[in-house]
Amino acid sequence: MQTIKFLQDQPLFGGVGEAAMQAIMPLLRDLDVPAGGVIVKEDDEGDSLYVIYRGAVEVLKSDPDADDPLGKRIAVLKVGDVFGEMELIDMQRRSATVRAMEPVSVLALSNGDMLRIYESDMPTFTLIVMNLARELSRRLRNLDTLAAHYLGRDRESE
């Protein structure tokens, strides 16, 4: 019950009712990862999205100039954040590596499980997809702000 309340408080499952959450809970896989453990690796095939239940992760993008062979850190995600959702939408390989910064617990939901939700509860599926779209839009807005900031700095140096 505590996990259901936690998930309902997160953007991905915001607005999802109690009965729907009861049906979704058996679909979620619990995964514990030690500090330094890689959860997903850039360019690997993926079939799940992950909700961080405990701990923090760093998102790394490959860069030949980076000190870390896995790449440069582009984000830090914490409790309640979601990663791996892009693969569920665009069916491409993983776009980045995600590594645990400390012991982490995540809840994983696979493509197949999303299909089960689609087949059994279209309103809940639609709500989850809309929540994913909102999260991706929020991230895109943040990137727009960062890009505008850096473009402004480049113009100042000319």
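Laboratory data are not the source of any read-out in this text; all were calculated from the coordinates shown. In this text the structure is predicted, and so the values were computed from the model without any measurement. Quick reminder, even Gly has a Cβ in these numbers, built from the backbone with ideal geometry, and neighbours come from all protein chains shown.
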Checklist entry - Summing Lys, Arg as +1 and Asp, Glu as -1, what charge do residues with Cβ under 11 Å from the Cβ of Gln10 carry, Gln10 excluded? => result -2
Next on the checklist: Students often check this: by mean Cβ neighbours within 10 Å, which of 118-126, 81-89 ranks highest, and how do the rest follow?
Outcome noted: 81-89, 118-126
Checklist outcome for this item: Of the candidates Leu140, Val38, Gln92, the farthest towards the positive dipole end of segment 2-156 (Lys/Arg Cβ +1, Asp/Glu Cβ -1, centred on the Cα centre) is Leu140
Checklist entry - Where does helix 122-156 land angle-wise versus the long Cα axis of the chain, in degrees 0 to 90, nearest 10? => result 10
Checklist entry - Which peptide among 72-80, 142-150, 8-16, 49-57 comes first, and what is the full order, when sorted by highest mean count of other Cβ atoms within 10 Å? => result 49-57, 8-16, 72-80, 142-150
Next on the checklist: Sort Met21, Met91 by Cβ crowding within 10 Å, fewest neighbours at the top.
Outcome noted: Met91, Met21
Checklist entry - Once the Cβ-Cβ distance between Ser137 and Asp67 is put in as r, and R0 is 41 Å, what FRET efficiency do you end up with, to the nearest 0.05? => result 0.80
Checklist entry - Which label belongs to the value computed from this structure, given these candidates for mean projected area of the Cα convex hull in nm²: [x] 10.5; [y] 9.3; [z] 8.4? => result [x]
Item to check | Helix axis angle, 111-120 relative to the chain longest principal axis, alpha carbon, degrees | outcome: 40
